[in-house]
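Right, one structure below, let's go through it.
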Amino acid sequence: MHEYFGEFMGTVVLIVLGTGVGASVNLNKAYAKGSSWLFITIGWGLAVTFGVYVSGFIGSQGHLNPAITLAFAAFGMFPKSKVLGYLIAQFLGAFVGAAIVALQFYPHFKESKNEAQGNTVGIFGTVPAIKNPLFNFISEMIATFFFVYILLDLGNFTTGLKPLIVGLVILVIGQALGSTTGYSLNPCRDLSPRLAYKLLPIPNKGDAHLEYAWVPFIGPIAGAMLAGLIFTLV
């Protein structure tokens, strides 16, 4: 159970820090409101770094991402018997992390009266810069492919300074490929916080845009599977 708890806690850390950046940048009267894309990508990179550190210390393999778990299992790099436990831990951890951020920023949600004032699902989930589901899907697939393919070359990425390397990969993927869709790269990073925004009593909240949720869910899985296939063939 330590392994599953590690995956849960690592995902909580990832989402608290990552969506906390989203809240800080968007919500009224937050000191970081209006900060740059660089601010956001650095924040998410460090969120992943410390999520992996926490996860690995407790005893997990530090996936924090169903796309990674499924791809590694599909190509013999992770025991299939552990997949369900990892997925439950990841999706639950992401929801809990989003709920913590909703509580932390509750007064700022009250001060942000509508989507125009920053009270948007984009705090928790991803929103495309140009809404085109086909190309949004392709963008998520490409970005996740390069993320996971690089990750595979790192071996055990929970040891030493490797979590920092993973965070730097997230940073450069965000800078290079993430500005089209907000780069989910991770089904639970998008779906669970999106559902939290939909279900929790957050003041003045806007539309959760569940009709878009399949893109940041399926796109990363497709990209991770392609990365696993090419890595295995090579």
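Here, each number is a calculation from the coordinates, and none is a lab measurement. Just so it is clear, the structure is predicted and the values come from calculations on it, not from any experiment. With ideal geometry, Cβ positions are generated from the backbone for all residues, glycine too; neighbour counts draw on all protein chains shown.
Here are the numbers for this structure:
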{"quantity": "Built amide H within the under 5 Å cut-off of residue 181, gap 5+", "calculated": "129"}
{"quantity": "Efficiency of FRET between residue 165 and residue 39 - r from beta-carbon atoms, R0 25 angstrom, step 0.05", "calculated": "0.75"}
{"quantity": "In Hz, Karplus ³J(HN,Hα) per residue of the range 190-206 (6.51, -1.76, 1.60; θ = phi - 60°; x = Gly, Pro)", "calculated": "9, 5, 4, x, 5, 5, 4, 4, 6, 9, 7, x, 7, x, 6, 5, x"}
{"quantity": "Fluctuation leader among 109, 217, 78 - the chain, Gaussian network, Cα springs under 10 angstrom", "calculated": "78"}
{"quantity": "FRET E, pair residue 114, residue 175, Förster distance 35 Å, beta-carbon r, rounded to 0.05", "calculated": "0.70"}
{"quantity": "Residue exposure sequence - 207, 190 - by fewest surrounding Cβ within 10 Å", "calculated": "207, 190"}
{"quantity": "Relative contact order, percent, the range 20-122 [alpha-carbon distance under 8 Å, six or more residues apart]", "calculated": "35 percent"}
{"quantity": "Computed [θ] at 222 nm, helices only, for the chain once each DSSP H run of length n ≥ 4 contributes -39500 (n - 2.57)", "calculated": "-22000 deg cm²/dmol"}
{"quantity": "Chain lengthening between residue 200 and residue 153 when straightened (0.36 nm per residue, less Cα-Cα)", "calculated": "13.0 nm"}
{"quantity": "Karplus 3J(HN,Hα) series, Hz, for the range 224-234 with 6.51 cos²θ - 1.76 cosθ + 1.60 (x for Gly, Pro)", "calculated": "5, 5, 5, 5, x, 5, 5, 4, 5, 5, 6"}
{"quantity": "Rounded tilt (10° steps) of 37-58 against the dominant C-alpha axis of the chain", "calculated": "50 degrees"}
{"quantity": "Dmax and Rg, reported as Rg then Dmax, of the chain (C-alpha, Å)", "calculated": "16.5, 53"}
{"quantity": "Whole-angstrom Cα spans of the range 69-124 along principal axes, big to small", "calculated": "49, 19, 11"}
{"quantity": "Estimated vicinal HN-Hα couplings, Hz - the range 104-111 in sequence order (Karplus 6.51, -1.76, 1.60; Gly, Pro = x)", "calculated": "4, 9, 3, x, 6, 5, 5, 7"}
